[in-house]
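To start, the structure itself, in structure tokens.
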Amino acid sequence: MSGADLLSVSGLRISIRSDEGVARVLDHVDLTLARGRVLGVVGESGCGKSTLIRAIMGILPAGAHVDAGGIRFEGRDLLRMTETELNRGIRGGRIGFIPQDPYLALNPVFTVGTQLMEIMRRHAARDGKRGSALRAAFRARLVALLRRVHLPDPEGAFGRYPHQFSGGQRQRLLIAAALACAPGLLIADEPTTALDVTTQQQILDLLRALAGELDVAILFVTHDLGVVARLCDDMSVIYAGQTVESGPTRQVLDHPAHPYTRALVACHPARAQGFAGIAGSVPSPLAPSPGCRFAPRCAEAADGCAHRAPHLRPMPQGPERRVDCRLYDPAARP
């Protein structure tokens, strides 16, 4: 982890015990994220994106076990922190979260103001204030944030209920809630999936502006390469629980190196010639291949790919561009 990195995930391996056996849901995930940057994490459903988010926030399900690797945030090892330490200093405070569905994330029986003030009460710094002075300071900050995310009538929004807002307005409320305690990192879990195209673009533009103005880093999880191209400075491609390629977004999209990344790019409507897809499916984490997990679906697979695991290695373009494929391993070339 360099001095410029806010978040660093290195060699992360996570398994989950189930009735069917041990599922290796993450098996060597690596990423770094600096302040003010936006990192897109891309992959098909079932590739481990949600597990990665849960691991960073310390909310892994029962039965999950971190087998190896580390997660460091602002120089602290998140995997060694207690539940109390995570609740008091990390979740909702230094790390904000924007959920996927704005229609389910807010409690319908409480006003928006009540819910936002509760977030502030639990996680925000008090700066010596108490009682009415503290409540007034919290309200002033929240109104300023609602105005910053372009919510109409931010003062009046406090007394309204979630059903009185549109989907796009609810997502703006959730962005304001995530920013309420001045976090260093925002984790966004496909926050535009439930929105129409026009509203989606507005939310993406807002997140891009906030990252620069507030110097907040954003970890943006998605399956949409178009969203990544519009929003993200860098991207990390995950397949079957493994990081297979990472680097600056424009470099990766213009010159994808890993066969899986090339297949994803080829499937995007802007690149595809007619209907396009990737044959096969993501392998089960219950019985992972000892070699490259994409080998059964890869048109460029060689005899040794299914038995010898590749390693994430820098590419000639620079150390920030890395790929996990035997095509770029000099020792594996014939």
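Read-outs throughout are calculated quantities, based only on the coordinates presented, and are distinct from any laboratory measurement. Since the model is a prediction, treat every value here as computed from it, not as a measurement. Because the Cβ atoms are built from the backbone with ideal geometry, glycine has one as well, and the counts that use them run over all protein chains shown.
For this structure, a couple of remarks:
- Under-5 Å amide H pairs with His28, H placed in peptide plane, nonlocal only: Leu12, Arg13, Ile14
- When the Cα positions of Ala133, Leu195, Gly159 are compared along the charge dipole of segment 102-198, Ala133 comes out farthest toward the positive end, with charges on each C-beta of Lys, Arg, Asp and Glu.
- Highest-MSF residue in the chain out of Ala188, Ala295, Ala137 [GNM, Cα springs under 10 Å]: Ala137
- DSSP assigns beta bridges within the chain; of those with both partners inside it, close to 65 percent run antiparallel.
- Our coupling estimate for segment 288-299, obtained by passing each phi through the Karplus curve with A = 6.51, B = -1.76, C = 1.60 and θ = phi - 60°, is x, 5, x, x, 5, 6, 8, 3, x, 10, 9, 6 Hz, Gly and Pro reported as x.
- For the chain, adding -39500 (n - 2.57) for each run of n ≥ 4 DSSP H residues and dividing by the number of residues yields -9000 deg cm²/dmol at 222 nm.
- ³J(HN,Hα) computed for each position of segment 8-25 - Karplus, 6.51 cos²θ - 1.76 cosθ + 1.60, integer Hz, glycine/proline x: 9, 10, 10, x, 6, 10, 10, 10, 10, 7, 9, 5, 8, x, 9, 9, 8, 6
- Once both labels are positioned 7 Å from their Cα atoms along Cα-to-Cβ, the gap between Thr82 and Leu104 label points is 3.3 nm.
- Net dipole in debye of segment 239-315 [+1 Lys, Arg Cβ; -1 Asp, Glu Cβ; about Cα centre; nearest 20]: 80
- Placing a pseudo-label 7 Å from each Cα along the Cα-to-Cβ vector at His163 and Ser18 gives an inter-label distance of 3.6 nm.
- Computed from backbone phi with θ = phi - 60° and the Karplus coefficients 6.51, -1.76 and 1.60, the 3J(HN,Hα) list for segment 141-158 is 5, 5, 4, 5, 5, 4, 5, 5, 8, 6, 8, x, 6, x, 5, x, 4, 4 Hz; x is used for glycine and proline.
- Short-range pairs are left out: with C-alpha atoms under 8 Å and at least six residues apart, the relative contact order of the chain is 21 percent.
- Summing charges over all other residues whose Cβ lies under 12 Å from the Cβ of Asp101, with Lys and Arg as +1 and Asp and Glu as -1, gives -1.
- Of the residues Pro310, Cys325, Val38, the one whose Cα sits farthest towards the positive end of the charge dipole of the chain is Val38 (charges of +1 on Lys and Arg Cβ, -1 on Asp and Glu Cβ, taken about the Cα centre).
- Extension gain from Ser50 to Asp127, taking 0.36 nm per residue of separation minus the Cα-Cα distance: 24.2 nm
- Computed about its Cα centre, the charge dipole of the chain is approximately 880 debye, with only Lys, Arg, Asp and Glu carrying charge at their Cβ.
- Computed from point charges on the beta carbon alone (+1 for Lys and Arg, -1 for Asp and Glu), the dipole magnitude for segment 1-108 about its Cα centre is near 360 Debye.
- Compared with the direct C-alpha span, the chain from Val66 to Thr114 gains 13.6 nm at full extension, assuming 0.36 nm per residue.
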